[in-house]
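J.: My questions will all concern the structure given below.
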Amino acid sequence: MNSFRLLCLFLFVSCMFAFQDAFSQGGELRVGLGYLTAPDIGTITSRAVIGGLDNYDEPSIKSSVAFLVAYVVNPMDRFSFGLDAGYQVLETTYSGMNLQTVTTSDAWFTVMPRANFNYINRDALQLYSALSVGMSFLTSNSDDTTPERSSGSAFGYQVVPIGVRVGDGLAFFAELGFGFRGVLNAGISFRL
């Protein structure tokens, strides 16, 4: 797994140097929220199965939205490139008759280079598709009778068939897709 991390880092640094001129011209900073992410869907599915197998009632799952930040540059009319980062916490509580209540907390931190294909690329309107691929790092805590803390990493991704940015210097963006940024993610964008 360490070689995969090194490969991702190498590719990211290579892209940064390849598009050095575009980055010096300024870019766009995005801040937003993601709803119904891949970790949400995975947690809901797996915890429901595990909870049922261990004679617990259906687990209670509290998910925070994914907090997102991205930096995007537009070196060509049709293509944009950048870097996405996201953070999300999911808390699952298991309870059952005559069973100890157990709570687990999973924190996901995701970093992914991104590429956009722009269908429309005007100052006040962008319509695009995007693909992001990178790594997602998990830290998990449990308050069981023997508290556990574990960590790991997973393949991070986001596929966006349709995204829109409306506004010039300060704008609103929204994306429909699937992955670690969510089925729907939206927020504000600032041109630098």
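Nothing in this text is a laboratory measurement; each read-out follows from the coordinates by a stated rule. What you are looking at is a predicted structure, and each value in this text was computed from that prediction instead of being measured. For neighbour counting, all protein chains shown are included, and Cβ atoms are generated from backbone atoms with ideal geometry for every residue, glycine included.
J.: What is the gain in length, in nm to one decimal, between Ala124 and Asp77 on full extension, counting 0.36 nm per residue of separation less the C-alpha to C-alpha distance?
T.: 15.5 nm
J.: Could I ask something else about it? Can you tell me the FRET efficiency between Val31 and Ser95 if r is taken as the Cβ-Cβ distance and R0 is 30 Å, rounded to the nearest 0.05?
T.: On the way: r = 36 Å, r/R0 = 1.21.
E(calc), rounded to 0.05, equals 0.25.
J.: So, in nm, how far is label Ile61 from label Ile44 when the simple model puts each one 7 Å beyond its Cα toward the Cβ?
T.: 0.6 nm
J.: Could you give the nm distance between label points at Asn141 and Phe178, where each point is 7 Å from its Cα heading toward the beta carbon?
T.: Label at Asn141, label at Phe178, 3.3 nm between them.
J.: Taking H placed 1.01 Å from N in the peptide plane, check which residues at least 5 places from Arg114 or on another chain put their amide H under 5 Å from its amide H.
T.: Long-range HN contacts for Arg114: Gly82, Leu83, Asp84.
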